[in-house]
Amino acid sequence: MQRISWTLASVRQSVDLAAQGLRTLSARQWGAAAVATVLFGGLLGLATVLIPNSFFVREIPPVWWNYPVWILTSVFSGLLFATYVRDGGPESGGTPGSEAPATGGPDGAEDRRTSRVGIVGAFLAWFAVGCPVCNKFALLALGYSGALTWFAPVQPVLAVIALVLTAVALVVRLRGRVACPLPRVRVAGAVG
């Protein structure tokens with residue numbers, strides 16, 4: 001029980017820090033977030049025919065939850081992209097157009113982790129909101145009836161996983177803007 005309450009407190013603290021980090025975004029980063037949100041949302045919406053178009057066909061009509069998942073994933077992805085854009089101000093130590101500094105150690109391990117988690121979340125969102133029988137992977141692996149019987153019921157689960165992964169990556173990136181975790185130091189001869 002103690003572990004659950006500690007975990008909930010840790011999650012709440014991370015979300016609070018992420019909200020503070022969101023307030024630190026510059027106008028340039030907000031602009032990048034808006035552009036990335038529209039581009040990603042447009043690409044995902046057109047490819048999954050949530051935005052009707054003549055390039056792609058959807059045999060199974062979208063269900064009600066496809067739209068909120070599409071919009072939330074687009075917003076989270078846009079904001080996540082903005083966290084990688086340097087604000088260009090003199091206090092950031094960079095010039096406009098330069099890359100954001102790596103965080104999470106000298107090798108930027110946290111940057112790589114959060115970008116991978118965000119990419120996986122966006123990829124899963126595409127599977128989640130797409131037509132189950134229009135998805136070539138599902139169609140090849142399961143066939144038409146298998147895609148309807150097995151893949152379509154899994155899509156809401158994929159949607160939740162996609163939203164959670166993208167949100168976690170965003171919270172970690174935003175939290176890192178205001179609170180930098182200290183690295184663990186190993187003591188020579190320590191047992192453990």
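The values are calculated or read from the model by the stated rules, or taken from the named source; none is laboratory data. Model, not experiment: these values are computed from the prediction. Here Cβ is always computed from backbone atoms with ideal geometry, including for glycine, and neighbour counts include all displayed protein chains. Accessible surface is based on the protein model in full, side chains and every heavy atom, while ligands, DNA and RNA are left aside. Shrake-Rupley method; radii C 1.70, N 1.55, O 1.52, S 1.80 Å.
Modelled this way, with points 7 Å down the Cα-to-C-beta line, the labels at Ala141 and Leu43 are 2.2 nm from one another.
Once you reduce the range 28-59 and the range 109-128 to the center of their Cα atoms, the two points are 17 Å from each other.
Let a ≥ b ≥ c be the square roots of the eigenvalues of the Cα gyration tensor of the range 16-82; is it rounded (a/c under 1.5), or, if not, prolate (a/b larger than b/c) or oblate? Kindly include the intermediate steps, with their values, before the conclusion.
Numbers: a/c = 5.01, a/b = 2.13, b/c = 2.35.
Oblate shape, in that a/c is at least 1.5 and b/c is the bigger or equal ratio.
Measuring with a 1.4 angstrom probe and ignoring ligands and nucleic acids, Val63 comes out at about 70 Å² accessible.
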